[in-house]
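Reading through the structure tokens given below for one structure.
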Amino acid sequence: MRIGSLELKSNLFLSPLAGYTNLPFRLALRELGGLDLCTTDLVNARSLLEQNPKALKLIETTPADAPLAVQLFGSVPEEMRDAAVVLEARGLASVDINMGCPVRKVCRVGGGSAMMTELDRTAALVRGMVDAVKIPVTAKMRLGWDEENLSAPELARALEDVGVAAIFVHGRTREQGFGGRVNLAGIRAVVGAVKSVPVIGNGDITTPEAARLMLDETGCAGVSIGRGAFYNPWIFRHTREFLDTGTQPPEPLFSERLRVMTRHLDLMVEVFGEAHGCRMFRKVGPWYAKRFGPAAEFNKRIVLLSRRAEFEEILTAYLRWRAPFVDEHGELLARHRLAPMVASFMREEPAVARREAIPVPKGPVEVW
Ligand SMILES: Cc1cc2nc3c(=O)[nH]c(=O)nc-3n(C[C@H](O)[C@H](O)[C@H](O)COP(=O)(O)O)c2cc1C
């Protein structure tokens, strides 16, 4: 898989998820395999030029986190160009441009999805960036503003003409938000509209089979996974293996889920410090717990985490609470082997459950 001058080991990508795709999450995912190019949360180009500490934190990286793309948003051509130059000088692998964000704050200033409505202006802005740097410049878009304005194919063609190295397309319109299903025919139309630039399909990939379907149905060169990655951090490795061999490795054991969750927390603490790292982990822990089986006792306490040592206490208490539900390896007992009363506790998803759709996390992020 190539994106401009970048030679990649995988055609599976991590989609930017503001508030989630931080350095600790990316490192935890990379360690599990199957993934190569990751993208940061979106970063305001002007804030980056002003060296705003929050923007600098968003682009923090380490050698183990390569290759990394930074996603920029903004609508002032000079700022976008200069921010791309700054990123190149810092050694980033590529620059991605946000053209899909439906959030009012971003669109109001002409960034995000608003870029899809003004083709000439957008193409000129992108040309300025492409001409200013040697690293690849990519674009991430939705299918269009709404069903009546499916501008992605036309935009993709215009961007290819000004030298964009890849197009990432989420198969929904801005109006759709996260509703309905991802429109594979819409992604196929983007693939058909460009001459040779790779198109990466995105949206609702929660299983290796869904990735296969997206590739087969759309002819896209790769797939990008967002929410599926925090629901199942192993998704890249499993998908890689499925695409390469047609078979899937077994679901990770409970002990492996604990190991990776603990590693994720340790990376959070390392990168953000103990207090902030633990606070951020409050929304991460419950995602791992979705595959633990009965997890109410864990969730109740993890959302209050404030010190690293407390995590061990929570885990010890949870393992004790969970003991009646599991065998000697920590794996859930089959329901029929449990007394009916105990089985009623197991209403939560079993560890091997698969989901068709991943809910959009609650909170301000709902607007993506
Ligand atoms: C919490 C959250 C934050 C997001 N942040 C961004 C972002 O910063 N930039 C962006 O281009 N897309 C963002 N998106 C959209 C995703 O990158 C992706 O296009 C979308 O979630 C569909 O893919 P998925 O079904 O694999 O999650 C975000 C989505 C969610 C749910």
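The values are calculated or read from the model by the stated rules, or taken from the named source; none is laboratory data. Computed from a prediction, not measured in an experiment: that's the story for all the values here. Note that each Cβ is placed from the backbone with ideal geometry, even for glycine, and that neighbours are counted across all protein chains shown.
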- prompt: Would it be correct to say that K54 is free of Cβ contacts under 8 Å to residues at least 12 places away in the same chain and in the same structural domain as I135 (by TED's automatic domain parsing)?
  reply: yes
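Conditions (1) touching a strand residue (DSSP E or B) at 6+ places or on another chain (Cβ under 8 Å); (2) not basic (K, R), marked per residue:
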{"site": "R142", "(1), (2)": "yes, no"}
{"site": "D146", "(1), (2)": "yes, yes"}
{"site": "S151", "(1), (2)": "yes, yes"}
{"site": "A156", "(1), (2)": "yes, yes"}
{"site": "V162", "(1), (2)": "no, yes"}
{"site": "A165", "(1), (2)": "yes, yes"}
{"site": "F168", "(1), (2)": "yes, yes"}
{"site": "R174", "(1), (2)": "yes, no"}
{"site": "G177", "(1), (2)": "no, yes"}
message: Residues that are touching a helix residue (DSSP H, G or I) at 6+ places or on another chain (Cβ under 7 Å), surrounded by 22 or more Cβ atoms within 10 Å (Cβ to Cβ) and modelled with pLDDT of 95 or more: list the helices (runs of 4 or more DSSP H) wholly contained in the stretch 1-87 that include at least 1 such residues.
response: 23-32, 45-49
message: Quick check on G186: is it touching a residue at least 12 places away in the same chain (Cβ under 8 Å) and within 14 Å of the ligand (Cβ to nearest atom)?
response: yes
- request: Report yes if some residue within the stretch 230-253 is of a type outside the set (G, A, S) and within 25 Å of K54 (Cβ to Cβ); otherwise report no.
  value: yes
query: surrounded by fewer than 19 Cβ atoms within 10 Å (Cβ to Cβ) and within 14 Å of the ligand (Cβ to nearest atom), is that true of F178?
result: yes
statement: The helices (runs of 4 or more DSSP H) lying wholly within the stretch 272-367 that contain at least 2 residues that are at pLDDT 90 or above are 274-281, 285-289, 296-302, 308-322
- line: All-but-one check, N98 against (1) in contact with a Phe, Trp or Tyr (Cβ under 6 Å, 6 or more places away or on another chain); (2) more than 14 Å from the ligand (Cβ to nearest atom), failing number (2)
- request: Take G19 and decide whether it is touching a residue at least 12 places away in the same chain (Cβ under 8 Å), within 18 Å of the chain's Cα centre (by Cα), outside the structural domain of L258 (by TED's automatic domain parsing) and within 13 Å of the ligand (Cβ to nearest atom).
  value: yes
query: Taking the stretch 224-270, which residues are under 15 Å from the mean Cα position of the chain (by Cα) and basic (K, R)?
result: R227, R237
field: Only one of T262, T218, T245 that is out of contact with any Leu (no Cβ under 6 Å at 6 or more places or on another chain), over 22 Å from L23 (Cβ atoms), modelled with pLDDT of 95 or more and hydroxyl-bearing (S, T, Y)
entry: T245
